[in-house]
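As structure tokens, the structure follows; a few thoughts come after it.
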Amino acid sequence: MKKTRIIQLCFLLFAVAFAGCKGKSGSEQAGGAFTPGELWPDNNGVHINAHGGGILHDGDTYYWFGEHKTEGTAGNNALVGVHCYSSKDLYNWKDEGVALSVVTDDSTHSIAKGCILERPKVIYNKKNNNYVMWFHLEPKGAGYSGALSGIAVSDKVAGPYKFLRAVRPNAGSWPTNVQDIHKQRVPESDRSKFTGGSLPAHPDSLNLLGRDMEGGQMARDMNLFVDDDGKAYHIYSSEENSTLHISLLTDDYTNYSATYARFFPGRFMEAPAMFKRDGKYYLIMSGCTGWAPNAGRSAVAPSIWGPWEELENPFVGEGSDLSFHSQSTYVLPAPGKSGQFIYMGDRWTPENAIDGRYIWLPIRFEGDQPIIEWQDKWSY
Ligand code: DGJ
């Protein structure tokens, strides 16, 4: 064999071997299809690190923001911050780096390294021509007792974001649908019987709303929703996760407006994801079982303020009782397909947080009922 032929052959073998390596790190999902549950490599061949995430569609580009997880169980805490990726087609994602970094030189800071920073979402604010990020924040070392909302802003979509504050929602204000029972005092001894679990506790008789009225309501799993009129809402699990709250934000999207309402008392809904279809509002949510999957929930309403009607588990078919081993994080209008939506969920791997997978599936409707069926591979 001629020398040049041998060199060509060596080059070919090297190229094949290199492509094989990339394949092992999971090149399946990139390209022109979604393969739920597989590794999803970014432009560098690294599995996307944006858990509990959401999408901002800005111009002709999609931005995916999510929790940057690290290895092991320690990786469930925020050791890095919020990661951002960009894409033109939703299949292929470019690493845009860390959009919001945790603070490494002050362990008392609200977003100190080691805090819990979950479910970050970003929306564009027209009034100030800037980007506003909200996330569920638990200060370092206090477990999930803080139940705070963190807010950060940036003039550039991919950041860096500047941390503004951490707050409990709507301190000093009652919801629009407050009941008389909430204005009565409940002895602390009665409340201590409440463990905050997923048991059918009675949040109204324990009056967790009244307990937190002055200091601000609890806010854990959360999402944002911007309506067609530009009004933005924060949707979050409150009252020890027992009840969902929906709060109107101020015009600059960086604070609560004090207008809010509570829904599904005692239903322990987590992971709320809101979307609008043909003038109706929809929610896809989960039950409340920590990192473990459970059966999904769904609801519909003619107005964001209700009345909300709870529907069926939107997941259908084998594995639907565990939402195909996923938990909702966002619902995205399908590009160029009016009235069609993409379910985005997380398949958590708390024993090795960084390995968490993404379950993206199409949503179809039977009447008002959203339906999500499993597909190994699909394109919109
Ligand atoms: C379920 C929530 O949906 C997650 O965001 C996270 O808070 C885990 N619970 C923690 O157990």
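Numerical summary
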read-out	value
Segment 226-262: number of residues that are open to solvent by less than 20 Å² (accessible area, probe 1.4 Å) and without any contact (Cβ under 8 Å) to a residue 40 or more places away in the chain	2
Strands (runs of 3 or more DSSP E) lying entirely in segment 242-332 (those with 2 or more residues that are among the β-branched types (V, I, T) and either more than 16 Å from the ligand (Cβ to nearest atom) or within 30 Å of Y131 (Cβ to Cβ) (or both))	243-249
Any hit, segment 345-359, residues being open to solvent by less than 20 Å² (accessible area, probe 1.4 Å) and away from the ligand (no atom under 16 Å from the Cβ)	no
Selected residue [at pLDDT below 95 and within 16 Å of the ligand (Cβ to nearest atom)] from A142, A147	A142
Subset tally (residues that are among the charged types (D, E, K, R) and either within 13 Å of the ligand (Cβ to nearest atom) or without any contact (Cβ under 8 Å) to a residue 12 or more places away in the chain (or both)) for segment 108-132	3
Top-ranked residue of segment 356-376 - restricted to ones that are part of a loop (DSSP other than H, G, I, E, B) and in contact (Cβ under 8 Å) with a residue 12 or more places away in the chain, ranked as nearest to E67 (Cα to Cα)	G356
Cross-chain or 6+ apart pairs with Cβ under 9 Å, segment 133-144 first and within 19 Å of E270 (Cβ to Cβ) and in contact (Cβ under 8 Å) with a residue 24 or more places away in the chain, then more than 10 Å from the ligand (Cβ to nearest atom) and open to solvent by 40 Å² or more (accessible area, probe 1.4 Å)	L137/S110
Long-range neighbours under 6 Å by Cβ, at least six apart or interchain, first residue open to solvent by 50 Å² or more (accessible area, probe 1.4 Å) within segment 291-310, second hydrophobic (A, V, I, L, M, F, W, C) and within 16 Å of the ligand (Cβ to nearest atom)	W291/W348
Given (1) open to solvent by less than 90 Å² (accessible area, probe 1.4 Å); (2) at pLDDT below 50, number of the condition W64 does not satisfy	(2)
Any strands (runs of 3 or more DSSP E) falling wholly within segment 83-165 and containing at least 3 residues that are open to solvent by less than 10 Å² (accessible area, probe 1.4 Å) and either touching a Leu at 6+ places or on another chain (Cβ under 8 Å) or at negative phi (or both)	116-125, 130-138, 148-154
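The values are calculated or read from the model by the stated rules, or taken from the named source; none is laboratory data. In this text the structure is predicted, and so the values were computed from the model without any measurement. Positions of Cβ are backbone-derived with ideal geometry, glycine not excepted, and every protein chain shown enters the neighbour counts. Surface areas here come from the heavy atoms of the whole protein model, side chains and all, with no ligands, DNA or RNA. Shrake-Rupley method; radii C 1.70, N 1.55, O 1.52, S 1.80 Å.
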